[in-house]
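Enquirer: Take this structure, written in structure tokens, and hold onto it; I'll ask about it next.
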């Protein structure tokens, strides 16, 4: 049974949205309380039920979105990673050719599962 996340602030209400910048879950009241003033006003929220716009941030560069697929390393990377750690590697924007990427990832994961079961 899948449980809805709890608000990261009050920790008592069911979360209704997620802040794309803060990467935290909020009930409506806490989101409005926190995001109604100052620098937080420019943040945007996404409904908990909207998985299509979920943003994944880079661990090495927390202000950067993972929006490239490094074909050589077979991993998601941000623009900064692509310029430095993955310089010269073949890559695709994840929104370009996403179906091809989805198929390759599926094949890769399936292959790893098969190998794991054999070992």
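Enquirer: With respect to residue 10, is the statement that it is assigned to a loop (DSSP other than H, G, I, E, B) and on the phi < 0 side of the Ramachandran plot true?
Expert: Taking the combined requirement at face value, the residue satisfies it.
For (1) part of a loop (DSSP other than H, G, I, E, B); (2) assigned by TED's automatic domain parsing to the domain that holds residue 108; (3) within 30 Å of residue 108 (Cβ to Cβ), each residue gets a yes or a no:
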{"residue": "29", "(1), (2), (3)": "no, no, no"}
{"residue": "49", "(1), (2), (3)": "yes, no, yes"}
{"residue": "76", "(1), (2), (3)": "no, yes, yes"}
{"residue": "80", "(1), (2), (3)": "no, yes, yes"}
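Enquirer: Do we have residue 87 as exposed (fewer than 10 other Cβ atoms within 10 Å of the Cβ) and more than 30 Å from residue 5 (Cα to Cα) here?
Expert: yes
Enquirer: Return yes when residue 86 is within 30 Å of residue 108 (Cβ to Cβ), assigned to a loop (DSSP other than H, G, I, E, B), modelled with pLDDT of 85 or more and in contact with a strand residue (DSSP E or B) (Cβ under 8 Å, 6 or more places away or on another chain) and no when it is not.
Expert: yes
Enquirer: Would a scan of the stretch 57-75 turn up a residue that is crowded, with 16+ Cβ neighbours inside 10 Å, modelled with pLDDT of 85 or more and within 19 Å of residue 7 (Cα to Cα)?
Expert: No - not one qualifying residue is present in the stretch 57-75.
The values are calculated or read from the model by the stated rules, or taken from the named source; none is laboratory data. These numbers come from a predicted model, not from an experiment. No Cβ is skipped: glycine too gets one built from the backbone with ideal geometry, and neighbour counts run over all protein chains shown.
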